[in-house]
Each structure stands twice: as C-alpha cells, then as structure tokens.
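The values are calculated or read from the model by the stated rules, or taken from the named source; none is laboratory data. In this text, all values refer to a predicted model and were calculated from it rather than measured experimentally. Note that we place each Cβ from the backbone using ideal geometry, even for glycine, and neighbour counts take in every protein chain shown.
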Amino acid sequence: MKVTAILKGRVDSNKEIPIQIRVNIGDKRAFHPTGIKVTKGQFKKGRVVDHPKASQYNEEIKRLIVIYQAQNIEGFQKKTKKIDFYLFLQQCIDQWEKTKRPGTVRIYRSLMNLLKEYRPTLSLHEIDLRFLNEWKAHRLSQVEENTAWSNFSKLRAVINEAVKLELITKYPFKDFVMPVYSQGVPEYLEKEEVKAIEEKLPELNGLAHYGYWFLIACHTAYRVSDIIAFKPKEHIKKARIVVHTAKEGTIVSIPFTDKLRGYFEAIQYKPLGVAEETYREKIKTIAAAAGIKKDISTHTARHTAAVNMASAGLSLEVVAKILGHDDLRSTRVYFKIVNKKLDEDFNSFMNYMG
C-alpha cells in the first residue's frame, strides 16, 4: 500500500489545482479530496511550499495520509475506533526518518518491539489510563525507573502525534503518573567488586557464562541490548571490537585487549543466548554469590565501566565516545561521581593531617 499527496484536477481561475490523496493498493488506485488548492509552483515533493498557509496545509495532508495508511482501506473512515497502533507508529517512524537522528528513530523502533512483546496486537484506542498503569508496573518489574521513564516519554510523544492528527480525542496521559526520572547517582561497582565477581566465576559452573558477559559489559560499557545482539564472530574484527549500538545508532570501536580476549575465551566466543529477564536474574545471583550487597541490574555494568573509566583518568570526550553519547551532558554524571569521591578522599586526608 502506498499513500501520497498529488496535484490532480482542473486549474481554476487563480491557477490553483486541487491536492488529492492517492491510495495505491496493489493494482487498484483511489483518489480522495483534501479541500486544499495551490498553484503548481507551491507544491513540491508532496508538500506545500511558499504559501501563507503552508504549515497548516501540510499538517492536514499529513493527517489524511496517516489515517489512510493506518486504515489500509480504500474508503475514508475518520471516526474509526480500530486504528492499529503499530501501523500508526510505523508511519510516524517512516516520517521521522527524514527529520530525526538515526539514534532517535531506533529508540522508537525499540519502543515498538517492547510493546509488541507485551501486547502483540494493539489499537490506538486501547491505550488508555488502565493500559498505561499496567505497562508501567510491567516495565518497572524489569528495568530501572529512569529506563521506564524514557519508554513512557517516547510513547507519550507518539500519542501526542495521534492527538495532533485528531485520531484520538481522549488523552490517556492526562491522569497518568509518569515513572520518576532521577538524576541521582547510578548504581555501579567499584573495581574491587568487579574483581570479586571475576574470582568467583570459576566456582559457579552454570552461571559462569553469564558472569563473563557481565564482566565484558563492565569493561566495554555495552548496554544489555548490545550484549544480547552481540555476535563474537561478527563484531570482533582482528584487534578491535566494533559494535553498532542499538540505542544511539553509533559505531563504537574499541581495542580487543588481552583482558577482553580472556573473557571471550572463557565463554568460547558464544553469544549470551538468553533474554534480558533471564540474564538479569543470573547476574543478581552471581553478585550475591560474590558477596556484593548492591541491587544490581543489567545496566549496572554500563555505569560501572563509565565510572571506572573516569576514575582511570580517561577524558570526558573519550568516555562519551565509548558510551556512544552525542551529548556530553549524559556523560558528565559519571565524572561528578568521581569528583565527589575525590573530594571525600581529600577531606579524609585533611582530617588525618589534623
């Protein structure tokens, strides 16, 4: 199915031509009026340009295109209550690919995958307050609150788009309480705690495979999505490890050091091989066995790598590059932790000196 806006019809006395929505389904074609007329020079590549009402007209054209795409029918049913959410989101993604960064578009694709895992079929009108609360409880059972906040922020942006296009009238986020985003100190492991896990793994037999993957993440700052997608035979290239990060869509290349080679040899270069939830349970068990009292998650490894990189003296820019951050503000939180530790240690020294 293909839906586009075109000029079609007679030229009037003002040299204006009607804009129509053309719907192609297989070998069938249908045209639907928009009520908009412009001159030939004011319409380029499916958009109105150089017209006083260009913005207004383009929004209306966009609204009609999305509705036809979402309905996948020849007729126009504006008041339908069964607009497929995933089809609508896909149409949004297709348009955002032209205006948003690749990393941002990948986040919306990830949102679609998360929601499909939770609810394989979903219409726009099924996303109500009850659905939001239920999915919130589900996500918070799996991830940290900041991650859940990010998920719901992106979902809210999609719903806002649907409201703007008049596809829904009742706003589900009106009374919804968003997950709380915290700028607090992220949970991370000291290098001694990382060492404790490494020393414990030979005793854990069936858990060792997951423990070594956790150690790999502690030394590379990979997210769990990157760990799950990692294929050693594809991503390890001679003396480097090259990963196309799932969230930001950036390419991160780091040296394949002897330490990392040792970890991969321990797992015989096999992929992680389990879903995030299973991996999370495994590493919690491993941490407890190593005597670590912290409530770690799959994201703890990334925080651990970032803080210890900063502690080792790597620059802000280098750490940001390894993390795949476009915005240095996202990286500075780890340097604030290191600076706070430095201040505490210096104050201890001053107290010792009397």
Checklist entry - Is one or more of the residues making up the stretch 293-303 in contact (Cβ under 8 Å) with a residue 60 or more places away in the chain, basic (Lys, Arg), part of a helix (DSSP H, G or I) and closer than 30 Å to Leu207 by Cα? => result yes
Checklist entry - Out of the residues in the stretch 204-215 that are of a type outside the set (Gly, Ala, Ser) and closer than 18 Å to Glu190 by Cβ, which is farthest from the chain's Cα centre (by Cα)? => result Leu215
Next on the checklist: Residues that are surrounded by 13 or more Cβ atoms within 10 Å (Cβ to Cβ) and modelled with pLDDT under 75: does the stretch 62-70 have at least one?
Outcome noted: yes
Checklist outcome for this item: Picking from Asn151, Asn160, Asn146, the residue that is touching a residue at least 24 places away in the same chain (Cβ under 8 Å) and surrounded by fewer than 19 Cβ atoms within 10 Å (Cβ to Cβ) would be Asn146
Next on the checklist: Against the conditions (1) touching a residue at least 60 places away in the same chain (Cβ under 8 Å); (2) farther than 21 Å from Gln95 by Cβ, where does Glu166 fall short? Just the number, please.
Outcome noted: (2)
Item to check | Counted residues, the stretch 8-42 - those being farther than 20 Å from Gln69 by Cβ and either part of a strand (DSSP E or B) or touching a residue at least 60 places away in the same chain (Cβ under 8 Å) (or both) | outcome: 6
Next on the checklist: For Pro172, only one of the following conditions fails: (1) in the same structural domain as Ile286 (by TED's automatic domain parsing); (2) of a type outside the set (Gly, Ala, Ser); (3) buried (at least 17 other Cβ atoms within 10 Å of the Cβ). What is its number?
Outcome noted: (1)
Next on the checklist: Here are the criteria: (1) in contact with a helix residue (DSSP H, G or I) (Cβ under 7 Å, 6 or more places away or on another chain); (2) hydroxyl-bearing (Ser, Thr, Tyr); (3) in a helix (DSSP H, G or I). Tell me which single one Ser55 does not satisfy.
Outcome noted: (1)
Next on the checklist: For the stretch 217-235, check the following and say yes or no: at least one residue is farther than 30 Å from Leu111 by Cβ, assigned by TED's automatic domain parsing to the domain that holds His325 and not β-branched (Val, Ile, Thr).
Outcome noted: no
